[in-house]
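One structure is given here, and the rest of the page talks about it.
Quick note: the coordinates plus some simple rules give every number you see, no bench work behind them. None of these values were measured; they are calculated from a predicted model. Neighbour counts are summed over all protein chains in view; Cβ atoms, including those assigned to glycine, are modelled from backbone coordinates with ideal geometry.
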There are 2 protein chains.
Amino acid sequence: MPQNQLPICFLNGESINLISVSDRGLCYGHGLFETVRLSDTQMPLWDYHHLRLRKGANSLSISLDDHLLQGYLDQLIANCPDNGIVKIMITAGSGSRGYRLSDTSPNYLFQWFPLPDYPNNYQRYGVTLKLCQHRLASSPQLAGIKHLNRLDQVIARSEWDDEYQEGLMLDQQGNAIEAVSGNLFFYRDGSWFTPKLDQCGVAGVMRQYIMEELCNASSGSLSKIEETICSLDDLLSADEVFICNSVNGIWPVLSLENLVPENPALANQSSWPLGQQTLALQAALYKSLPAYMNSTE
Amino acid sequence: MPQNQLPICFLNGESINLISVSDRGLCYGHGLFETVRLSDTQMPLWDYHHLRLRKGANSLSISLDDHLLQGYLDQLIANCPDNGIVKIMITAGSGSRGYRLSDTSPNYLFQWFPLPDYPNNYQRYGVTLKLCQHRLASSPQLAGIKHLNRLDQVIARSEWDDEYQEGLMLDQQGNAIEAVSGNLFFYRDGSWFTPKLDQCGVAGVMRQYIMEELCNASSGSLSKIEETICSLDDLLSADEVFICNSVNGIWPVLSLENLVPENPALANQSSWPLGQQTLALQAALYKSLPAYMNSTE
């Protein structure tokens, strides 16, 4: 498997990094993507990514071919380093002008990227979030899907440079929903909670894995995780907080800043300890999926 | 100027119809577009399109270069037929993986398309709209901008084939906002109204032209047009209704169907006459911008 060969990119099985300007992914964001952790040629959460792709394709009227998907994925893995990130984009294909979906074939784009160079101490010692001013659009029909309409995240991410490690995004009503590139969990009064994603947000595969697998695996120490409407006050009064995604695993959250941007005189920060519940959940993750013990190379 | 040469497409001044797979327009919908009516090498609403591009670029942190824009536009017009549609896409450019905007240069994409082959009687005798089930996402921060995040329109347009001429889209609260590819106006009790676009919707240039120019040009016969919250009941009780965009001009709306899709036994259709107020507005448009008298070739 070749090293140091960039970009590693296959479009419909061809080694090419250009796509038609009439691709509906470009024209309208009519497509899906996944960023899949690759660890020693294995993809520990592949089944979850695959299921999400299938659901998303169904919602966006993209005729996903599982056989093609698997073949192109195998091709990429045979031609990329053993570790890193596999980015999959599947668009509705190239069509004629206009929103109407004509008889197009999906475009399958597979790319390899190195793991991001975040310091390992983010997962060990926690991170600081900026409270983003930009809020997520409300759309029950699109909530949960990892589609290519990502202006909310782009705008939110433009609110800081390097002074924070991540951003917290609220919905239109001011409820806490997720990080810019990850999902949110908080522990309070003996239970874990995560925001409902029925109006906005991306239903992350690590979120799902934590809810479905770690919950059971932790044999009683971790109670069932409840999906809830999470006001900012709910979050501020939590005992512990973390964010997660399929690239970085679990990052404990130590503080949230920029709470009252229009009035710096007010208390402008809230903080949480790096608590035992979060550490126990991380330990359970590392035991079941050792790849996430070390999120950088 | 060459005829019958398809596709006519320039990317940053080069005659090429491929774009990098790392373009942020493809990855995140981080870009803008305009569909500009070209009539005898002139673009009657260009100033409005240009202004909207500038506003949108500012909102999306895209450093639009007016000199480049004009040069590429001149290049396209020198190399395309005299009539048709100029589609302009301006994306944030090719960047590294992740939402963070690095130091990219925008991509300027200019394409020519023939005018759509809608029958001329749509503008003369009116159209039927489907009431779309899919609703527009709520996002005050993105409302009005003609950005590349267009899944709402894609999904709404997939709700019919050829049995309707257009679709009416509601917001999350059920208020009437716009057509899938156009804006909405209605006349009631002696006044014209158009839905407010502060939560969702695209602020169309034809809408703006009608509000700013035709209103004054019609010398009293057309009173000031009020932007309003427009419930479905408000629309159903209107005296006259039309939709408009910069490609087709003004289409009178004669009926709205699929009102109660879950109960076909109920009254499922509402209709309006092709009234004098709409005809007067069309006449004012044809007088000031004769290109729109004939919307097909």
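Things to note:
- Charged side chains reduced to their Cβ positions (Lys and Arg at +1, Asp and Glu at -1) give the protein assembly as shown a dipole of some 280 debye around its Cα centre.
- For the protein assembly as shown, the pair-distance distribution built from all alpha carbon pairs, in bins 10 Å wide starting at 0, is 3, 16, 25, 25, 17, 10, 3, 0 percent.
- Per-residue shielding of B:92-99, expressed as the average number of other chain Cβ atoms within 10 Å of the residue Cβ, stands at 4.
- When B:Ser231 is represented by a point 7 angstrom out along its Cα-to-C-beta vector, the spacings to that point in the other copies are 2.8 nm, nearest first.
- Counting DSSP beta bridges with both ends in the range A:121-293, the antiparallel % (nearest 5): 65 percent
- Here the dipole of the range B:149-215 is about 220 debye; that uses its Cα centre as origin and unit charges on the Cβ of Lys and Arg (positive) and Asp and Glu (negative).
- For chain A, fraction of C-alpha pairs farther apart than 30 Å, in %: 34 percent
- By the rule of a C-alpha distance below 30 Å, with chain neighbours fewer than 8 residues away ignored, the lysines paired with A:Lys130 are A:Lys87, A:Lys146, A:Lys196, A:Lys224, B:Lys55, B:Lys146.
- Among beta bridges that DSSP assigns inside the protein assembly as shown, antiparallel share in %, nearest 5: 80 percent
- Positive-end ranking of B:Ile62, B:Pro140, B:Tyr72 along the dipole of chain B, with charges on Cβ about the Cα centre, is headed by B:Ile62.
- Spatial separation of Cα centroids for the range A:4-78 and the range B:229-280, in angstrom: 42 Å
- Dipole axis of the range B:121-293 (+1 Lys, Arg; -1 Asp, Glu on Cβ), positive-most option in B:Ala283, B:Val202, B:Phe185: B:Ala283
- Theoretical ellipticity at 222 nm over chain A - DSSP helices of four or more residues, -39500 (n - 2.57) apiece, nearest 500: -6000 deg cm²/dmol
- Label point of A:Gln75 (7 Å along Cα→beta-carbon): distances to the other copies' equivalent points are 3.2 nm, sorted ascending.
- Sequence ranges B:63-72, A:191-200, ranked by mean other-Cβ count within 10 angstrom, highest first: A:191-200, B:63-72
- Using Cβ point charges alone (K and R +1, D and E -1), the dipole size of chain A about the Cα centre works out to roughly 540 debye.
- For chain B, modelled as a GNM whose springs connect Cα atoms under 10 angstrom apart, the maximal fluctuation among B:Glu213, B:Glu226, B:Glu262 occurs at B:Glu262.
- Entry for the range B:121-293 at q = 0.09, 0.13, 0.16, 0.20 Å⁻¹: log10 I(q)/I(0) = -0.28, -0.59, -0.92, -1.46, Debye formula applied to identical alpha-carbon scatterers, no solvent contribution.
- The mean number of partner chain beta-carbon atoms within 10 angstrom of a residue's beta-carbon across peptide B:11-21 is 4.
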